[in-house]
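The values are calculated or read from the model by the stated rules, or taken from the named source; none is laboratory data. Predicted model, so just to flag it, every value in this text is computed and none were measured. Counting neighbours? That spans all protein chains shown, and the Cβs are built from the backbone with ideal geometry, glycine included.
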Amino acid sequence: MRVLKPEVAQDRKEKILNWVVYNYVSTGRPVSSELIAEEGRFSVSSATIRNILKELEADGYLYQPHTSGGRIPSDKGYRAYVDNILRMQALAAMEKEHLEREYDRRVEQLDGFLKHTSRMLSNMSKWAGFVMSADMDLDGVKRLDLISMGPHSVLSVLFAHSGLIKHAAFSLENQADRAAVKALSLRLNRRVKDLPLTDLPQVIFREFLAREKDKGLAELLKKLTEYFRTLAAGDDALYLEGLSRIYSNLEEGSMEDMRSIVRLLEEKERFSSLLRERLRDCAVKTKALGEPGKRHVVDVTIGSENSIKEFKNFSLVSSSYCMNDKAVGLVGILGYKRMEYPRMISLVETVSSMMEEMLGEWDKLDLGE
């Protein structure tokens, strides 16, 4: 017979107690072992649940108002539940500080910060993390800002007439003087304003890169040309990290889930299409909020709610992130339906807010400042 480690058995008991208290608080009805077995999703037998309930009753956390009825929490049970909430809040605060420290450290590297963000989400959630910036198709250029973040780092922010924004960070081997980057940005803006995105690579290459003598600026212009060629080709900036964590959490007999993930890798466009749809939905929901300072909402779709049938056993927790009140990208977590939703929602909300703050700081470094 399998014997659980004491800490595992205690954790299971605490989770069942918390579920009972939460359910009772929500419904006002005593909680039966049958209800826990049907709706609790603890992956244990009814007999095990009954034994745990008896232990909790013997320890004074629960009691039965009627012999044949369900159980309700005692004062001791309520206290354990409240202490758990306070403990979780403290952990959430610590986790947020960890996220902020990690984010600050990663963003210092600038180049590839979207990829770092998706990896950080994966590491913190223990599931797969993703980040996708919005596509722009043939949108016209309203403004193109180049912002020096140091002698070897430049941020490009492209504003479209539609209100969408594309941002990219570049690390340079050669130094680029801050004043020279600002001057280049001014010259670029005068030339590319109102151009369709598809014309940008050719104009930058022929009219700027081919004539540039400064090594740092030439390197920057070359990277800009390559970047805008990618955008003009319609490729999504999708970063997906941590799929191996889903593999490692596969349950026995879940080969279909593995095949679903393989299909996801092989048909990335389907996943990108789903995320683009979610980004559009998030943008609409954010606009509908109309709350000062509230620029994004966290969206959760569970199992069959997802438009991709292979995701029937998975959930997506995502949020748009905004710049100048416009949704410019999506961050989120992909994992099994049994994920810890409060924690996943908190992680996505925190990362989305931090990205908005970072983009806001970059936007303040506009040409006139």
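Each residue in the range 24-64 was checked for being hydrophobic (A, V, I, L, M, F, W, C) and over 25 Å from K337 (Cβ atoms), and 3 pass.
Specify the residue that is modelled with the highest pLDDT; the eligible residues are those in the range 188-238 that are assigned to a helix (DSSP H, G or I) and of a type in the set (F, W, Y).
Looking at the filtered set, the residue picked out is F205.
Scanning the range 4-54 for residues that are surrounded by 14 or more Cβ atoms within 10 Å (Cβ to Cβ) and either in contact with a Ser or Thr (Cβ under 8 Å, 6 or more places away or on another chain) or aromatic (F, W, Y) (or both) yields W19, Y22, Y24, S33, A37, F42, I49, R50, L53. Here V331 does not qualify as hydrophobic (A, V, I, L, M, F, W, C), modelled with pLDDT of 85 or more, crowded, with 21+ Cβ neighbours inside 10 Å and not in a strand (DSSP E or B). In the range 143-161, of all residues being at pLDDT below 85 and surrounded by fewer than 17 Cβ atoms within 10 Å (Cβ to Cβ), the one that is farthest from L221 (Cα to Cα) corresponds to H161.
Taking only pairs six or more apart or across chains, which ones have beta-carbon atoms under 7 Å, a first residue in the range 162-185 that is closer than 24 Å to V328 by Cα and at pLDDT 90 or above, and a second residue that is among the aliphatic types (A, V, I, L, M) and surrounded by fewer than 19 Cβ atoms within 10 Å (Cβ to Cβ)? Partner pairs satisfying both residue conditions: K182/L367; S185/L367.
Within the range 239-267, the set of residues being among the aliphatic types (A, V, I, L, M) and either modelled with pLDDT under 70 or touching a Ser or Thr at 6+ places or on another chain (Cβ under 7 Å) (or both) comprises L240, L250, L264, L265.
Consider G129 carefully, then state whether it is small (G, A, S), modelled with pLDDT under 85 and either part of a loop (DSSP other than H, G, I, E, B) or out of contact with any His (no Cβ under 9 Å at 6 or more places or on another chain) (or both). Against the criterion (small (G, A, S), modelled with pLDDT under 85 and either part of a loop (DSSP other than H, G, I, E, B) or out of contact with any His (no Cβ under 9 Å at 6 or more places or on another chain) (or both)), G129 does not qualify. Considering D59, D83, D75, the condition of being over 29 Å from the mean Cα position of the chain (by Cα) and surrounded by fewer than 12 Cβ atoms within 10 Å (Cβ to Cβ) is satisfied by D75 alone.
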